[in-house]
């Protein structure tokens, strides 16, 4: 049975593009930009996951979560970490595929130019990507690290040329294709 996702956000263009990308991943997707009415217009019992865009403020997010959880106690929630369609697609896909009982492997992720600090609780496959969003919302993605690492703290040096001026940057760490963390630079 195909997983069903509700996207709640303020930007109809982003919602449409994300819905297309998720549909291509085999998900059934509905969207709404009527954020405050989302829990009245949609019943969470029909969905596996509700994803909130970055434009949904904290108070509204909390209220919608409470309303949706009352409709479906098993509903999953995702807060969009970046307005980057491939990244949002990955974030939602991972949330749908990971068991809730699994413990986090990634215990620390930080960036202080030019160093990237990552701590993991167990040996894993680590991938660090840099996403750049320019003024016209064109996204470029570059993998900075893709390797197996042991438990502990690891330090990687990012090339200064990796971080261009004048664009919005998101640094992501993903472990074992199941856990994703995003930092806005």
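Values quoted throughout were computed directly from the atomic coordinates according to the rules given, and no laboratory measurement underlies them. Treat the numbers as computed from the prediction; the structure is a model and nothing was measured. When we count neighbours, we look across all protein chains shown, and the Cβ atoms used for this are built from the backbone with ideal geometry, even at glycine.
A few points about this structure:
- Beta bridges by DSSP in the chain, antiparallel share as percent, to the nearest 5: 75
- The chain, relative contact order in percent, only Cα pairs under 8 angstrom and at least six apart counted: 17
- Between helix 85-97 and the chain: long-axis angle, C-alpha atoms, 0 to 90°, nearest 10: 70
- Efficiency of FRET between residue 34 and residue 185 - r from beta-carbon atoms, R0 30 angstrom, step 0.05: 0.40
- Computed E for residue 177/residue 54 - FRET, C-beta separation, R0 25 angstrom, nearest 0.05: 0.55
- Global geometry of segment 29-185, whether rounded, prolate or oblate, following the gyration tensor of its Cα atoms and the 1.5 cut on a/c: oblate
- Distance from the C-alpha centroid of segment 1-61 to that of segment 112-185: 26 Å, rounded to the whole angstrom.
- Listed by Cβ neighbour count within 10 Å, with the fewest neighbours leading, 128, 183, 136 appear as 136, 183, 128.
- Exposure proxy ranking, count of Cβ atoms within 10 Å, fewest first, for 88, 106: 106, 88
- Cα gyration tensor category, rounded, prolate or oblate, for segment 106-184 with a/c compared to 1.5: prolate
- On Cα atoms only, tilt of 58-71 relative to the major axis of the chain in degrees: 60
- Going from the fewest other Cβ atoms within 10 Å to the most, the residues 154, 137 appear in the order 137, 154.
- Segment residue 156-residue 168, length gained on full extension (0.36 nm per residue, minus Cα span): 2.2 nm
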